[in-house]
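*Asks:* Sharing a structure here in structure tokens format.
The values are calculated or read from the model by the stated rules, or taken from the named source; none is laboratory data. All values reported here derive from a predicted model rather than from experimental measurement. A quick note on method: Cβ atoms are made from the backbone with ideal geometry, for glycine too, and the neighbour counts reach across all protein chains shown.
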Amino acid sequence: MDTPLPTPAALHTNQKSRDILVERADSLELPDTTWTHSALPSILDAIPVNCESIVDLGCGRGIIGALCRIYRAPNRLVGVDGFEPYLTFCRRMGFYDELIHLDLSGSPLPFRAREFQVATCIEVIEHLPKHQGQILLNELERIASCVIVTTPGIWFEQDDYDGNPLQKHLSRWKAHEFIGRGYKVYGVGALSIGYQIRRVMSRVIGPRGTSIAQSGIRNGARRVSEALGPLTHSLPRFSTKLLCLKTVERGSPSKAE
């Protein structure tokens, strides 16, 4: 049986929806960075398909919210961030059911225990001092049954961008710190050894060595590191990026409780 063609009214509605999205996008400026996290497929796979409620801590411009709208169907999707322009972007795009402006540096989260099925915290914890990051982890484990955290597995300098001072890196986290809290940790980045070689070279010859040979060595180290990245999946301590997953047993207290 042939599938009926859309009616003119349906076509008009779809076109109107597309026009609204295009208009919203045209009114927004591009961010300072135009790349995204290479582990997004792994992050999405960690979110159950039948997930009913998700809170996205440090939602930024809403990449996790957008993915959940496309590939999941939560009844409640909440975004939290401390930078109002990001929340304004998310409001315009309509990714989240609720948006909350909140400083994540140590304050209790305004949610009940186990209020959400999933809490995501993607590339956020490294922007906090270590003790504040520990508090945030306690809160994530209090409010959600499943916690998903990503963070760099190596230290690298990052200052503010997008006019957002909260983007500065303030701490480094290692795989064993999450394992000690009961997380399963996976490497989802490049092999860190190559980046360590690049960092040593930058200290010796400067971050922008002038010779072709120096540039070639740096680029070669990066390519080798990226090619060997899949080997770090089960050896996260050697990865440049960590994916940390924890299922909080029902009725078990978090470290904060």
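*Asks:* If a residue has to be small (Gly, Ala, Ser) and within 17 Å of the chain's Cα centre (by Cα) to count, how many in the range 79-104 make the cut?
*Replies:* 2
*Asks:* Additional query: Among residues belonging to the range 172-192 that are surrounded by 16 or more Cβ atoms within 10 Å (Cβ to Cβ) and in contact with a Phe, Trp or Tyr (Cβ under 7 Å, 6 or more places away or on another chain), point out the one that is farthest from GLY220 (Cα to Cα).
*Replies:* Of everything passing the filter in the range 172-192, VAL185 is farthest from GLY220 (Cα to Cα).
*Asks:* Where in the range 174-254 are there helices (runs of 4 or more DSSP H), lying fully within it, with 2 or more residues that are under 20 Å from the mean Cα position of the chain (by Cα) and at pLDDT 90 or above?
*Replies:* The qualifying helices (runs of 4 or more DSSP H) are 175-179.
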